[in-house]
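Report on the following structure.
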Amino acid sequence: MAKLNIGDNAPDFSCPDKDGNIISLNDLVNNKPIVLYFYGKDGTPVCTKEACEFRDRYEKFVDAGVDVVGISSDDSESHSKFSTKYKLPFTLLSDKGGKIAKLYGVKGVLLPGRTTFIIDKGGKILMTYSALLNATSHIEESLKVIEILKTQQS
C-alpha cells in the first residue's frame, strides 16, 4: 500500500496479541485515540529502548486518554516474554509475515521499519513519524501531538 497520510482512514486489521487473543483496530480504538508503533524485533537493543521509553512515559499517555500499542512480526510467545521481562503495561500485537506493516506502508531498509501512528477515536490518522535508529524520538513526537489534542479537548 502507498504511504498513509494525516487524515487518511487507518486500515483495519486483526491479529493476535501477546496472549493469543485476536484483536482488531476497532477493538483498540473503541472511542479513544491510540499510538500504534511498529518496531523491528523483541529484545533487540533499539526496540527494547523504545518499548521501555513508552513504558516509562506510559502514564502521560493514559492521563491524556490515549492507549499505546506495539506491533512487530514476532509471535505471541515472544511478545509475552518481552512484555513480562520489561514489565510493559501496553498491548503488543503479532504481525506474522508483515501484512499489517504493508497495509500501513511501513518499510525498512535491511531492518524492519520503525514507524509510529496516532489514530483518533474515529479511526483517522493524526500523525505519522518514522525514525529507524532514534527510538526515543517516537515517544517525544507522540507526546507533542497528544498534548495538542489534550488542549483542544479542554
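The values are calculated or read from the model by the stated rules, or taken from the named source; none is laboratory data. Everything numeric in this text was worked out from a predicted model, so none of it was measured. As a convention, Cβ positions derive from the backbone with ideal geometry for all residues, glycine included, and neighbour counts pool all protein chains shown. Please note that ligands, DNA and RNA were not included when accessible areas were found on the heavy atoms of the full protein model with its side chains. Shrake-Rupley method; radii C 1.70, N 1.55, O 1.52, S 1.80 Å.
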Given a 1.4 angstrom probe, what's the average accessible area per residue across the chain, in square angstrom? 51 Å²
In sequence order, calculated HN-Hα J values of the stretch 119-130 (Karplus, 6.51, -1.76, 1.60; Hz; x Gly/Pro): 10, 6, 5, x, x, 8, 7, 9, 7, 10, 8, 10
Could you work out what % of the accessible surface of the chain is carbon and sulfur, using a 1.4 angstrom probe and leaving DNA, RNA and ligands out of the count? 52 percent
Using a 1.4 Å probe and counting only protein heavy atoms, arrange 3, 124, 49 so the residue with the most accessible area comes first. 3, 49, 124
Subtracting the Cα-Cα distance from 0.36 nm times the residue separation, let me have the gained length for residue 21 to residue 6 in nm, one decimal. 2.5 nm
What are the aspartates and glutamates whose alpha-carbon lies under 20 Å from the alpha-carbon of residue 102, with same-chain residues fewer than 8 places away excluded? 8, 12, 17, 42, 74, 75
Among (1) 32.0, 107; (2) 48.6, 149; (3) 14.0, 43, which one is Rg and Dmax of the Cα atoms in Å computed from these coordinates? (3)
Whole-number percent relative contact order across the chain, with pairs defined as alpha carbons under 8 Å at least 6 apart: 33 percent
Using alpha carbon centroids, what distance separates the stretch 75-110 and the stretch 16-66, in Å? 9 Å
Among the DSSP H helices of the chain, those whose Cα atoms extend at least 15 Å along the helix axis and whose mean Kyte-Doolittle hydropathy is -0.5 or higher are 136-153
In the stretch 1-103, with Lys and Arg counted as +1 and Asp and Glu as -1 at Cβ, which of these residues, 97, 46, 25, has the Cα nearest the positive end of the dipole, that is, farthest along it? 46
